[in-house]
Amino acid sequence: MATGLTVNGEAVEARSDPDTPLLYVLRDELGLNGAKYGCGLGQCGSCTVMVDGEAVLSCLMPLLTVEGREVTTVEGLGTLEEPGPMQRAFIAENAAQCGYCIPGMMMRAQATLTANPDAKEVEIRQALEYNLCRCGTHMRILRAIRRAQDEMRNATEEA
């Protein structure tokens, strides 16, 4: 049985068992390795992706629950040749150290700013509480998110 969904703007049919966590489908079946396996319990945020614009923990989300929905992974934010605003900001601020938590951080930040382009720092910090990082780049991560927020706001104003 195939499960139809849209991943990073492309219609796909996943062949995995409907109870398979979305994280495994993304990584093992679709070859999208941006979302990371951290704890497998929904406690670290490394597996964060967006479903219909909302940040979710893909290790806890069965494939069946995303049928017909739009899934966005960090790979969907831009490309190596043309990174998106969030990716550019993380690069510019040198916000990644080990890089393990960063895709989840980016996705949660992207969902937060998409829902509220004018999010205050306290709201951004609250959103990121779901994502753990041991590297100590928290201040650079916050600067990167604010930089992306400014770029995204400016792009909207210019459009």
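The table below gives the values:
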{"item": "Among residues of the range 112-145, those that are of a type outside the set (Asp, Glu), farther than 25 Å from Asp52 by Cβ and surrounded by fewer than 16 Cβ atoms within 10 Å (Cβ to Cβ), counted", "result": "6"}
{"item": "Selection from the range 50-85 of residues that are of a type outside the set (Lys, Arg) and closer than 19 Å to Arg15 by Cβ", "result": "Ser58, Met61, Pro62, Leu63, Leu64, Thr65, Val66, Glu67, Gly68, Val71, Thr73"}
{"item": "Failed condition for Glu81, given (1) without any contact (Cβ under 8 Å) to a residue 40 or more places away in the chain; (2) in a helix (DSSP H, G or I)", "result": "(2)"}
{"item": "Positions within the range 87-96 being crowded, with 24+ Cβ neighbours inside 10 Å and at pLDDT 95 or above, in sequence order", "result": "Ala89, Phe90"}
{"item": "Candidates Arg108, Arg125, Arg88, Arg147, filtered to the one that is of a type outside the set (A, V, I, L, M, F, W, C) and touching a strand residue (DSSP E or B) at 6+ places or on another chain (Cβ under 6 Å)", "result": "Arg108"}
{"item": "Filter result for the condition that a residue is touching a residue at least 12 places away in the same chain (Cβ under 8 Å) and assigned by TED's automatic domain parsing to the domain that holds Leu142, over Ala89, Ala35, Ala55", "result": "Ala89"}
{"item": "Of the criteria (1) surrounded by fewer than 16 Cβ atoms within 10 Å (Cβ to Cβ); (2) at pLDDT below 95; (3) on the phi < 0 side of the Ramachandran plot, which one Gly99 fails", "result": "(3)"}
{"item": "The range 1-55, residues that are β-branched (Val, Ile, Thr) and either closer than 18 Å to Gly76 by Cα or surrounded by 19 or more Cβ atoms within 10 Å (Cβ to Cβ) (or both)", "result": "Thr3, Thr6, Val7, Val12, Val25, Thr48, Val49, Val51"}
{"item": "Some residue of the range 130-138 being touching a residue at least 40 places away in the same chain (Cβ under 8 Å) and over 17 Å from the mean Cα position of the chain (by Cα)", "result": "yes"}
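The values are calculated or read from the model by the stated rules, or taken from the named source; none is laboratory data. Everything numeric in this text was worked out from a predicted model, so none of it was measured. Note that we place each Cβ from the backbone using ideal geometry, even for glycine, and neighbour counts take in every protein chain shown.
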